[in-house]
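Structure first, commentary second.
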Amino acid sequence: MEETTGMIFKALRFSADKHNDQRRRDSKSSPYINHPIQVVETLWAVGGVRDGVLLAAAILHDTIEDTDATPDEIRREFGEEVLGLVLEVTDDKSLPKQVRKQLQIENAPHKSLRAKMLKLADKLCNVRDIVHLPPADWSLKRKQEYLLWTEKVVKGLRGANKDLETHYDEALKEGKQILGME
Ligand code: NDP
Ligand code: ZN
């Protein structure tokens with residue numbers, strides 16, 4: 001228990017440090033760290049997750065993809081299991097964006113249970129953000145396309161965590177109504 005709490009605080013400090021200069025793309029340019037914090041709270045409060053490895057990986061989930069954090073650093077600080085999980089949810093940025101998007105759809109069903117839960121929480125938070133705190137320069141069409149893409153990814157994540165799934169479905173439904181998609 002104490003060990004897990006220590007790892008969580010360390011992950012918060014590490015992620016805050018790595019994302020220090022980044023902002024979300026919403027009109028307020030919110031600090032990037034708000035997003036991983038939302039994802040871990042969603043896993044805890046909605047998904048009922050008490051697995052320290054999964055909670056730490058959630059806090060770190062965008063560090064390799066979006067910051068200068070390296071796999072070696074994460075292995076050294078948090079161990080092989082946390083690193084493996086972060087890598088499972090990290091896109092290969094050397095690939096073109098459309099390929100990465102398609103691979104997320106195709107690979108989702110083959111992910112581990114932990115990675116599926118993490119991806120579900122991430123998509124739930126991003127759908128809410130696209131609807132309520134969207135990137136300022138996104139057209140309505142782009143937001144609509146984003147929602148439809150998450151729906152395809154989530155199709156491959158179903159069965160991993162009922163509560164996360166239900167909340168995602170509700171957020172998607174609300175988003176579709178607000179964005180005039182039904
Ligand atoms: P991106 O992958 O470029 O952007 C979405 C990602 O940005 C999220 O997954 C999230 O990732 C991160 N993010 C940062 N700030 C926010 C925020 N405030 N709200 C939500 N997410 C945020 O999106 P796409 O390029 O995939 O665009 C979506 C769709 O639109 C695609 O289907 C694409 O084909 C289409 N498109 C349309 C264009 C148009 O003009 N009509 C132009 C380009 C694309 P994370 O959690 O990793 O931070
Ligand atoms: Zn994310």
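The values are calculated or read from the model by the stated rules, or taken from the named source; none is laboratory data. These numbers were taken from a predicted model, which means no experiment stands behind them. Methodologically, a virtual Cβ is constructed for each residue, glycine included, from the backbone with ideal geometry; neighbour enumeration extends over all protein chains shown. For accessibility, only protein heavy atoms count, side chains too; no ligands or nucleic acids. Shrake-Rupley method; radii C 1.70, N 1.55, O 1.52, S 1.80 Å.
The residues of the range 167-182 that are of a type outside the set (Lys, Arg) and not in a loop (DSSP other than H, G, I, E, B), listed by number, are His167, Tyr168, Asp169, Glu170, Ala171, Leu172, Glu174, Gly175, Gln177, Ile178. Of all the criteria given as (1) part of a helix (DSSP H, G or I); (2) within 30 Å of Ser139 (Cβ to Cβ); (3) more than 16 Å from the chain's Cα centre (by Cα), the one not satisfied by Asp21 is (1).
In this structure, does Phe9 turn out to be surrounded by 15 or more Cβ atoms within 10 Å (Cβ to Cβ), at pLDDT 95 or above and farther than 25 Å from Trp138 by Cβ? It is false that Phe9 is surrounded by 15 or more Cβ atoms within 10 Å (Cβ to Cβ), at pLDDT 95 or above and farther than 25 Å from Trp138 by Cβ. Quick check, is Glu73 open to solvent by 60 Å² or more (accessible area, probe 1.4 Å), away from ligand 1 (no atom under 13 Å from the Cβ), outside any loop (DSSP other than H, G, I, E, B) and at pLDDT 95 or above? It is false that Glu73 is open to solvent by 60 Å² or more (accessible area, probe 1.4 Å), away from ligand 1 (no atom under 13 Å from the Cβ), outside any loop (DSSP other than H, G, I, E, B) and at pLDDT 95 or above.
Only residues that are without any contact (Cβ under 8 Å) to a residue 40 or more places away in the chain and either surrounded by fewer than 18 Cβ atoms within 10 Å (Cβ to Cβ) or not β-branched (Val, Ile, Thr) (or both) were counted in the range 12-52, giving 16. A Cβ distance below 6 Å, combined with a sequence gap of six or more or placement on separate chains, defines the contacts here; from the range 144-165, residues that are within 13 Å of Asp122 (Cβ to Cβ) reach residues that are assigned to a loop (DSSP other than H, G, I, E, B) in the pairs Asn161/Gly47; Leu164/Val46; Leu164/Gly47. Filter the range 133-166 down to the residues that are assigned to a helix (DSSP H, G or I) and within 16 Å of ligand 2 (Cβ to nearest atom), then identify the one that is surrounded by the fewest Cβ atoms within 10 Å (Cβ to Cβ). Step by step, filter the range 133-166, then rank; the result is Trp149.
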